[in-house]
Amino acid sequence: MPRDKQTDPEDISSLKQKIEILESQLEEIRLQTHVLLDIARALNASLDTRVIATNIISAIVSLIGINQASVCLYNEKTQDFEVIGVFDSGTLSPQIPPHLDLSFLKKVLAEGVTYYRPPQDLRDWKWICCLPLQNAQHKIGSINIHSIRQPEITSEQMEFLETVAGHASSALENALLYAFVERESITDGLTGVYNHRYFQKRLREQISLCQRRKRSVTFGLLIIDVDNFKLFNDRYGHQFGDTVLQTIVRELQSNLREGDLIVRYGGEEFVILVPETTEKIILLISEKIREVVERTLIHYPPTNEDVSVTVSIGATLWHPSDSPASLISRADHALYKAKKTGRNQSIFE
């Protein structure tokens with residue numbers, strides 16, 4: 001039988017080199033997989049869109065030489081962009097320049113394809129790369145790279161960026177869905193202000209805050225009831241009654257202080273929490289509210305008339321001995337007095 005041919009040493013050396021290259025490639029894939037798994041975990045670890053944006057930028061910066069980057073959310077209703085994350089290696093407090101035209105991102109989202117233009121010079125805040133964040137149902141936003149410390153973004157890096165964008169889209173979609181559900185659970189569907197459930201939470205927080213401070217600071221509570229609202233609805237209809245309630249809320253919101261909290265308590269009743277106040281201030285606020293509502297005219301198209309309503313208000317201040325129930329009861333008693341002694345007035349107890 002013929003003797004086997006001896007293996008050429010050069011063939012063995014070439015085979016070893018190929019094995020080493022494959023092992024190196026496998027190790028690189030393994031590392032990239034671990035990195036992407038870590039990124040996916042980080043992105044899904046929070047339901048706060050700004051935390052997610054920070055994690056997106058951290059992931060990109062860890063693998064690509066970036067000087068400036070941003071993450072934007074898209075509001076489909078207003079068709080505006082909100083910047084939720086900014087990175088600038090030159091400052092600890094980065095901000096998007098006010099002149100930067102974010103409307104460019106609408107085109108990127110509309111096309112649904114990554115925009116990339118290799119940097120031609122070193123000017124800051126250019127649109128070098130924009131990665132659309134979207135799914136089949138929604139346009140979510142974009143990841144934007146404005147300045148890099150390397151000649152270009154390689155094809156391997158671009159593939160990594162697009163993988164990150166996929167994870168980011170899912171994470172932000174989950175966060176936005178959670179925020180929507182949470183918001184719906186604590187707001188009134190008709191007027192858009194907070195509901196009874198949220199009021200109880202904030203009331204307990206306000207009491208706890210005053211108790212911790214252990215000084216003379218207090219807060220006020222107003223309970224507002226629309227006078228003769230059942231008769232109003234019987235005359236003009238419930239649909240117009242809803243319009244009146246919405247109008248009252250808008251007027252109140254534009255005439256309250258920034259920290260004051262308005263809540264729809266139920267039906268035609270509203271409550272207002274007034275932080276850090278005094279009896280004098282709460283009386284001024286309640287009288288201002290009464291006057292604002294009384295002079296607000298709402299047009300009723302079927303009869304071409306302008307109509308108005310009045311409100312009765314029960315006002316009080318929190319006392320250190322109060323529970324949530326006793327505070328509400330005192331304000332409710334003051335409201336009862338206001339309605340029984342003439343309506344269209346505020347009474348303090």
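Data overview
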| item | result |
| --- | --- |
| Selected residue (criterion: most open to solvent (accessible area, probe 1.4 Å)) from residues of region 1-36 that are of a type in the set (A, V, I, L, M, F, W, C) and modelled with pLDDT under 70 | Met1 |
| Hey, Ala315 open to solvent by less than 80 Å² (accessible area, probe 1.4 Å) and closer than 30 Å to Arg212 by Cα or not | yes |
| Residue list for region 216-236, filter: within 30 Å of the chain's Cα centre (by Cα) and open to solvent by 10 Å² or more (accessible area, probe 1.4 Å) | Thr218 |
| Selection count, region 64-89, where residues are open to solvent by less than 50 Å² (accessible area, probe 1.4 Å) and either at positive phi or not in a strand (DSSP E or B) (or both) | 2 |
| Matching residues, region 283-298, being in contact (Cβ under 8 Å) with a residue 24 or more places away in the chain and not β-branched (Val, Ile, Thr) | Leu283, Ser286, Glu287, Lys288, Arg290, Glu294 |
| Qualifying residue in region 263-280 (condition: open to solvent by less than 40 Å² (accessible area, probe 1.4 Å), over 15 Å from Leu221 (Cα atoms) and at pLDDT 95 or above) | no |
| Count - residues of region 163-187 that are in a helix (DSSP H, G or I) and more than 20 Å from Ala45 (Cα to Cα) | 4 |
| Selection from region 122-135 of residues that are farther than 18 Å from Ala168 by Cα and either open to solvent by less than 30 Å² (accessible area, probe 1.4 Å) or hydroxyl-bearing (Ser, Thr, Tyr) (or both) | Lys126, Ile128 |
| Selection count where residues are open to solvent by 60 Å² or more (accessible area, probe 1.4 Å) and assigned to a loop (DSSP other than H, G, I, E, B), scope region 281-301 | 1 |
| Pick from region 91-117, criterion assigned to a loop (DSSP other than H, G, I, E, B), in contact with a strand residue (DSSP E or B) (Cβ under 7 Å, 6 or more places away or on another chain) and open to solvent by less than 70 Å² (accessible area, probe 1.4 Å), ranking: nearest to Asn67 (Cα to Cα) | Pro94 |
| Leu190 in contact with an Asp or Glu (Cβ under 7 Å, 6 or more places away or on another chain) and outside any helix (DSSP H, G or I) | yes |
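Results for (1) in a loop (DSSP other than H, G, I, E, B); (2) open to solvent by 50 Å² or more (accessible area, probe 1.4 Å); (3) in contact with an Asp or Glu (Cβ under 6 Å, 6 or more places away or on another chain); (4) closer than 24 Å to Asn174 by Cβ, shown as yes or no for each residue.
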{"residue": "Arg41", "(1), (2), (3), (4)": "no, yes, no, yes"}
{"residue": "Gln120", "(1), (2), (3), (4)": "yes, yes, no, no"}
{"residue": "Gln137", "(1), (2), (3), (4)": "yes, yes, no, yes"}
{"residue": "Ser142", "(1), (2), (3), (4)": "no, no, no, yes"}
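The values are calculated or read from the model by the stated rules, or taken from the named source; none is laboratory data. As the structure is a prediction and not an experimental result, all values here were calculated from the model. For neighbour counting, all protein chains shown are included, and Cβ atoms are generated from backbone atoms with ideal geometry for every residue, glycine included. Heads up: the accessible areas ignore ligands, DNA and RNA and are worked out on the full protein's heavy atoms, side chains in. Shrake-Rupley method; radii C 1.70, N 1.55, O 1.52, S 1.80 Å.
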